[in-house]
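**Student:** Sharing a structure with you now.
Derivation of every value follows stated rules applied to the coordinates shown; laboratory data play no part. This one's a predicted model, so the numbers in the text were calculated from it and none came from an experiment. Cβ sites come from the backbone with ideal geometry, for glycine too, and all protein chains shown count toward neighbours.
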């Protein structure tokens, strides 16, 4: 849907839904359905996670990791996306997961989901931008005398994060324009990469795509420890798709800025996952087929993609592709700043942050964006990146530990509202679905499959060399229990419900007047 197709009736319906949940239309509602799709498609960014984590396929079970493992892992992410889409249609707010978990559960489940999602988004932003920094250093860094020292990485990340925050500051229309462009850049660059791999491949052996070979240990460049269990390695190869195909909750976080959100957001969530999965599969298969010697490539470990490009592509074409990938990765970070800032804004307007909530919930009347939340999210990410580059725990860089913990945190923040939704659907907490409706049977099926997927994701996320993730997760659970029962249970009231919503009418009108909203 474009702004030209957005009628007064549609506008009143969006306002009615938002007001019915106790919130004002402070953010600018101008994103089309495509823009809402594009922001999730940009965060998923197969040219970021798909390439930077490619070795998780080749250094586990070889070509089958891409040919078969990618399909299985994307199906798991798809189960989550379908279940989340059903909930997003009924509750289209910027709080997204946090708000769903509060309405369908209680104050504690909402508060816990908010912290899981917020920590996940801040750290995944750091992971994306650190990945971009290393990608830039390895491809164009020599032009600027960069060698990839920790100081250079932190400086580069700080620079691009400030730029991403600045672009977010100046309104959702600019952000949407850039993420719309990102969608086309991802598609165009991926298409060129696929064709280049197939044209310049020394030989094409399609049997690689379903052939399982044990490349653990030294045979895979040490990406995974040595093991004789092919089944175990196949599970580990699923880390590539489940790490890449995530972040689609961004469509939910921008609900209050999307036209006909109850219709557009669920479609965007599902379509971003479907298209990223399909296009990503073709891309990864093409790269696998282009590797001159699969055994030698797997032995390169994390460098397998770059070693392959160096071996088969002309320099001019390789650098052109790298430029497209670099731009896509930068815009992936830009979209993640948008998602993280909306989550922080939504949590803060309900008093979720232990301090500074009032400031973080403010919306700029000029730009209709949560500027304080944007810059706070950016600052937190830069602080995390600084610590991640210079601090180690037990000989392991904390960046490695936190990145793998991020996967667990994000999917836990997905599964909590999904389970609550499965239990609440058809009850007083959720009496009727939104306009995008799978039906009770299919919805509950995808919820149940998501639970199975969560078990798989948690299991593979805590395996060596990432076994410290288990201790991080346990520590987080203990810490949240202490904080909730010791402090937050008495302080945090959660989103408005029942009579509280009716009492907010005057405050809603005042908030909308303050930012110039005229949609009444």
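**Student:** If each DSSP helix of 4+ residues adds -39,500 (n - 2.57) and the sum is divided by the residues in the chain, what number results at 222 nm, nearest 500 deg cm²/dmol?
**Tutor:** Result for the chain: -21500 deg cm²/dmol, rounded to the nearest 500.
**Student:** Label-point separation (nm) for residue 474 and residue 274, each offset 7 Å from Cα along Cα-to-Cβ?
**Tutor:** In this crude label model, residue 474 to residue 274 measures out at 4.3 nm.
**Student:** In whole angstrom, how far apart do the alpha carbon centroids of segment 86-141 and segment 166-232 sit?
**Tutor:** Their Cα centres are 22 Å away from one another.
**Student:** Going by average Cβ neighbours within 10 Å, how do the peptides 224-233, 371-380, 113-122 rank, with the highest at the top?
**Tutor:** Top of the packing list down: 113-122, 371-380, 224-233.
**Student:** Nearest 0.05, what FRET efficiency do residue 358 and residue 459 give at R0 = 35 Å with Cβ-Cβ as r?
**Tutor:** 0.25
**Student:** Using every pair of alpha-carbon atoms in segment 325-387, split the distances into 5 Å bins beginning at 0 and state the percent of pairs per bin, rounded to integers.
**Tutor:** 4, 18, 24, 23, 17, 8, 4, 1
**Student:** May I pose another question? Can you give the Rg/Rh ratio of segment 282-358, where Rg is from the C-alpha atoms and Rh is the Kirkwood radius?
**Tutor:** A ratio of 1.29.
**Student:** Against the 2.2 N^0.38 Å scaling, with N counting residues, where does the chain land? I'd like the Cα-based Rg ratio to two decimal places.
**Tutor:** Rg over 2.2 N^0.38 Å, computed on Cα atoms: 0.94.
**Student:** How high is the FRET efficiency between residue 391 and residue 5 when r is their beta carbon distance and R₀ equals 41 Å, given to the nearest 0.05?
**Tutor:** Calculated transfer efficiency: 0.20.
**Student:** Relative contact order for segment 276-371: what is it in percent, counting Cα pairs under 8 Å that are at least 6 residues apart?
**Tutor:** Relative contact order here is 12 percent.
**Student:** Could you grab the relative contact order for the chain? Cα pairs under 8 Å, six or more apart, rounded to a whole percent.
**Tutor:** Normalised by residue count, the contact order of the chain is 33 percent.
**Student:** Take 243, 459, 248 and order them by how many other Cβ atoms sit within 10 Å, fewest up front.
**Tutor:** So the residues, fewest neighbours to most, are 459, 243, 248.
**Student:** How much length would be gained if the chain were fully extended between residue 383 and residue 315, taking 0.36 nm per residue of separation minus their Cα-Cα distance, in nm to one decimal?
**Tutor:** Result for the pair: 20.8 nm of gain on full extension.
**Student:** Sort 285, 197 by Cβ crowding within 10 Å, fewest neighbours at the top.
**Tutor:** Starting with the residue having the fewest Cβ neighbours, the order is 285, 197.
**Student:** Mind ordering 72-82, 295-305 by average Cβ neighbours within 10 Å, highest first?
**Tutor:** For the peptides 72-82, 295-305, the packing ranking is 72-82, 295-305.
**Student:** Principal axis lengths of segment 64-159 from Cα atoms, whole Å, largest first?
**Tutor:** 53, 36, 19
**Student:** Follow-up question, since we're still on this one. Could you sort the peptides 180-186, 92-98 by per-residue average Cβ neighbour count (10 Å cutoff), highest mean leading?
**Tutor:** 92-98, 180-186
**Student:** State, as an integer percentage, the relative contact order of segment 1-145 based on alpha-carbon contacts under 8 Å between residues 6 or more apart.
**Tutor:** That works out to 16 percent.
**Student:** What list do you get for 360, 445 if you sort them by fewest beta carbons within 10 Å?
**Tutor:** Taking fewest neighbouring Cβ atoms as first place, the list is 445, 360.
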